[in-house]
Amino acid sequence: MMPNAEAVAYLGLGGNLGDPVVNMAEALRRVDERPDCRVVSVSRLYRTPPWGKTDQDWFFNSAAEIATTLDPLSLLRLCLEIERSMKRIRVERWGPRTIDLDVLAYGDLQMSTEDLTLPHPRMTERAFVLQPLADVAPVLMIADRSVTAWLAEVDAAGIELADADRNWWRRA
């Protein structure tokens with residue numbers, strides 16, 4: 001049986017409960033430790049205002065490029081399992097969370113199932129996703145426009161650079 005070819009995927013990470021920076025770093029390490037995933041590049045770390053539900057603490061956000069032999073749905077299941085193991089509880093939409101780990105894109109694949117839509121259907125509206133993603137994939141094309149072009153169209157007010165060192169996740 002031939003091994004699966006490696007695909008490039010992009011993950012979005014965030015959180016605002018507990019120690020979100022430590023939680024995101026732990027999630028990235030868990031991905032990187034697997035034989036079927038490898039963290040290729042991680043964005044700088046951003047502090048971002050809450051979005052959708054604004055009466056909560058600010059978030060920390062990041063993005064990562066990974067190489068993986070997992071198919072998209074298996075990658076989603078991995079992300080959800082990491083969230084569960086790190087005590088992520090889904091109580092309210094856009095509510096506070098210890099960790100959020102989203103599959104943003106998987107190569108240039110476009111798909112829509114009950115469980116997963118790729119590219120992530122709302123990422124082009126969210127500066128807290130686009131800003132870190134632009135660090136690792138500025139020319140990634142989403143709906144015929146680059147991440148950088150999408151970022152120029154959204155309101156990024158309030159987003160602060162929290163750590164310019166892209167290795168923040170190795171020392172958190």
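The values are calculated or read from the model by the stated rules, or taken from the named source; none is laboratory data. Remember, it's a predicted structure, so these values are computed and weren't measured experimentally. Quick reminder, even Gly has a Cβ in these numbers, built from the backbone with ideal geometry, and neighbours come from all protein chains shown.
Just give me the residues in segment 24-46 being in contact with a Leu (Cβ under 8 Å, 6 or more places away or on another chain) and of a type outside the set (A, V, I, L, M), in sequence order. Please lay out each step first, then the result.
At the first step, the residues of segment 24-46 found to be in contact with a Leu (Cβ under 8 Å, 6 or more places away or on another chain) are 24, 27-28, 31, 34, 36-37, 39, 42-46.
Listed by number, the residues that qualify are Arg34, Asp36, Cys37, Ser43, Arg44, Tyr46.
Closer than 19 Å to Pro20 by Cβ, in contact (Cβ under 8 Å) with a residue 24 or more places away in the chain and either in a helix (DSSP H, G or I) or of a type in the set (S, T, N, Q) (or both), is that true of Arg166?
On the way: closer than 19 Å to Pro20 by Cβ: yes; in contact (Cβ under 8 Å) with a residue 24 or more places away in the chain: yes; either in a helix (DSSP H, G or I) or of a type in the set (S, T, N, Q) (or both): no.
The answer is no for Arg166.
How about segment 10-26: which of its residues are crowded, with 24+ Cβ neighbours inside 10 Å and over 13 Å from Ala64 (Cα atoms)?
Answer for segment 10-26, where residues must be crowded, with 24+ Cβ neighbours inside 10 Å and over 13 Å from Ala64 (Cα atoms): Gly15, Pro20, Asn23.
Has segment 137-156 got any residue that is hydroxyl-bearing (Ser, Thr, Tyr), more than 19 Å from Asp102 (Cβ to Cβ) and modelled with pLDDT of 95 or more? Even if it seems obvious, please write down each step before you answer.
Here is the first cut: in segment 137-156, the residues hydroxyl-bearing (Ser, Thr, Tyr) are 146, 148.
Filter again for more than 19 Å from Asp102 (Cβ to Cβ), leaving 146, 148.
Applying the additional criterion that residues be modelled with pLDDT of 95 or more yields 146, 148.
Scanning segment 137-156, I find at least one residue that is hydroxyl-bearing (Ser, Thr, Tyr), more than 19 Å from Asp102 (Cβ to Cβ) and modelled with pLDDT of 95 or more, so the answer is yes.
Looking at (1) in contact with a helix residue (DSSP H, G or I) (Cβ under 7 Å, 6 or more places away or on another chain); (2) closer than 25 Å to Ile159 by Cβ; (3) among the acidic types (Asp, Glu); (4) without any contact (Cβ under 8 Å) to a residue 60 or more places away in the chain, which is the one condition that is false for Asp115?
For Asp115, the failing item is (2).
If Thr124 passes every condition in (1) in a helix (DSSP H, G or I); (2) within 15 Å of Ile66 (Cα to Cα) but one, which one does it miss?
Failing condition for Thr124: (2).
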